[in-house]
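Only one structure is covered here, and it is reproduced in the block below.
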Amino acid sequence: MWYAALIRFIRRRIVLGIIFTLSLFYCIISFVHKSDYLNNDVPQIKRTKPFIWRSLQVHNSSADDFTCQNSVQGRTFIVDDRGFVCLRANLLPNGCCNELLSTTVQYLCDTCKPNNCCEIYENCISCCLHPNKKEMLENVLKKAAEHNSMLLASVSDHFELCLATCRTNSQSVQHENSYKDPKAKHCFGDTAPGSNSVENEVL
């Protein structure tokens, strides 16, 4: 019968009150520790090398070792780091588009909207490389630093920045399963697709 007495003792309000108080105290302590952890300063991601703008890069076509970076993966079009878009078949062995051909165009923005969102990935990169986009892209880098973006902190030059920003990202989608603008999903500006913010388009 000792267990019946134990059950009656446990059921007493004072014991239940103590258990409730201890549980509440434990929850408060846990919450405070968690808040302190979340409020700790997150280490800032810092750039490890200086950023090089496209306008500062030197392309000397007479040099024997003259090469270009390019977007690599396009099936039909390729864009090089000088902003030239060409057919893949017109890509030179040094990685540059053949700028002497009429089908090769520099700073091509014809599929891009005023909000700097483009239908074609290569056009997005080419338009992004236009020198008059520098101020806007500086704002993109500034926002990336404020949001501690590891991706944009790792880019080292104008071309890499355009490659990264023109890829579809979380700003290009809504509800995590559909594009905000399916026809212009490659964006390099500081506004999300569908934004009413308009910047003069480069023609």
Built amide H within the under 5 Å cut-off of Phe84, gap 5+
Tyr107
Within 13 Å, Cβ to Cβ, of Thr104, how many net charges do the neighbouring residues add up to if Lys/Arg are +1 and Asp/Glu are -1?
-1
With θ taken as phi - 60° and the coefficients 6.51, -1.76 and 1.60, list the Karplus ³J(HN,Hα) couplings across segment 134-142 in order, rounded to whole Hz; mark glycine and proline as x.
4, 4, 5, 5, 4, 5, 4, 5, 5
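Every number here is computed from the coordinates shown, using simple stated rules; none is lab data. Every value quoted in this text rests on a predicted model; they were computed, and no experiment measured them. Glycine also receives a Cβ, built like all others from the backbone with ideal geometry; neighbour counts cover every protein chain displayed.
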